[in-house]
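Notes follow once the structure below has been shown.
The values are calculated or read from the model by the stated rules, or taken from the named source; none is laboratory data. These numbers come from a predicted model, not from an experiment. For neighbour counting, all protein chains shown are included, and Cβ atoms are generated from backbone atoms with ideal geometry for every residue, glycine included.
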Amino acid sequence: MSSRGLLEIDGVSKDFPGRDRSVRALDSVRLTIARGSFVSVVGASGSGKSTLLSIIAGLSRPSSGEVRLDGYPVTGPGPDRGLVFQHGAVYPWRTVERNVAFGLELLPRLPRAERRARVDWYLEETGLTALRRALPKQLSGGQRQRVAIARALVCEPEVLLLDEPFGALDVQTKEDMQVLIRRIWTDTGTTVLIVTHDVEEAVFLGQRVVVLGCDPGHVAADIEVPLGDERDLATKRRPEFLALRASIEDIVRAHHHRAS
């Protein structure tokens, strides 16, 4: 099996300068995320979730340790990692279609027919085909996040990084987006890492849930989610789902109180 999409976080620590001394946000984080897997990271505020994702994305450098993708050190941003934030930051002057196509414009060697085919496929995959000529101001919040997801995936990255991507959406739209991202993951086989404060979301989406403890951020638990990969919203009502969610919430709460 190819190792493309294998993500290794090897002893990553991150310090930020303070007035009198540096503040450690992450301490010796070690994780291996297998090719094609879906992993959720949860933790209380201050556990370093977004800092970790920023380092994996190459937007920030670790103070020590290393992130490797397919065995190569991550030293900066790159097309092998797609990134979606809580607010999708779509370009307001571009149509949906041209927003999605943006990343492909940075790949000039890709034939025009291939670019068009990819844009068409990801518009269809995210339910945006009928809105391809619309501007972002004409879209709902959920639709704008669909654009951001399609734009991140159209370059076919090895890893998709999601930073609280549905946190600003209403409950119904959020659940629709959760179902959508699992279907896209199934269809594409892309390695996915999501950072979220929502334990229910983490359990529903992930094959594993990694809990970060606080002060400084560290791996407090790494839990397999034995729910199978065929999930729908009814999965959230299954007794084993509710029990696992409660167990992880207890772990998050305990580490939050310990750091308070």
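Identification of strands (runs of 3 or more DSSP E) wholly contained in segment 28-115 with 3 or more residues that are under 19 Å from Gln145 (Cα atoms) yields 81-84. Cβ separations smaller than 8 Å between residues 6+ apart or across chains give the following pairs from segment 91-105 residues that are surrounded by 13 or more Cβ atoms within 10 Å (Cβ to Cβ) to residues that are of a type in the set (Phe, Trp, Tyr) and in a helix (DSSP H, G or I): Tyr91/Phe102; Arg94/Phe102; Val100/Tyr122. On the stretch given as segment 212-242, residues that are surrounded by fewer than 16 Cβ atoms within 10 Å (Cβ to Cβ), basic (Lys, Arg) and part of a loop (DSSP other than H, G, I, E, B) total 1. For segment 162-206, what are the residues that are assigned to a helix (DSSP H, G or I) and aliphatic (A, V, I, L, M)? If the condition is that a residue be assigned to a helix (DSSP H, G or I) and aliphatic (A, V, I, L, M), then Val171, Met177, Val179, Leu180, Ile181, Ile184, Val199, Ala202, Val203, Leu205 are the ones that fit.
Scoring Glu164 on the criteria (1) farther than 22 Å from Arg35 by Cα; (2) modelled with pLDDT of 90 or more leaves a single failure, condition (1). Could you check, for segment 113-125, whether at least one of its residues is within 25 Å of Gly167 (Cα to Cα) and surrounded by fewer than 20 Cβ atoms within 10 Å (Cβ to Cβ)? So far as segment 113-125 goes, yes, one or more of its residues are within 25 Å of Gly167 (Cα to Cα) and surrounded by fewer than 20 Cβ atoms within 10 Å (Cβ to Cβ). Here Ala25 fulfils each of the conditions (1) over 16 Å from Gly65 (Cβ atoms); (2) in contact (Cβ under 8 Å) with a residue 60 or more places away in the chain apart from (1).
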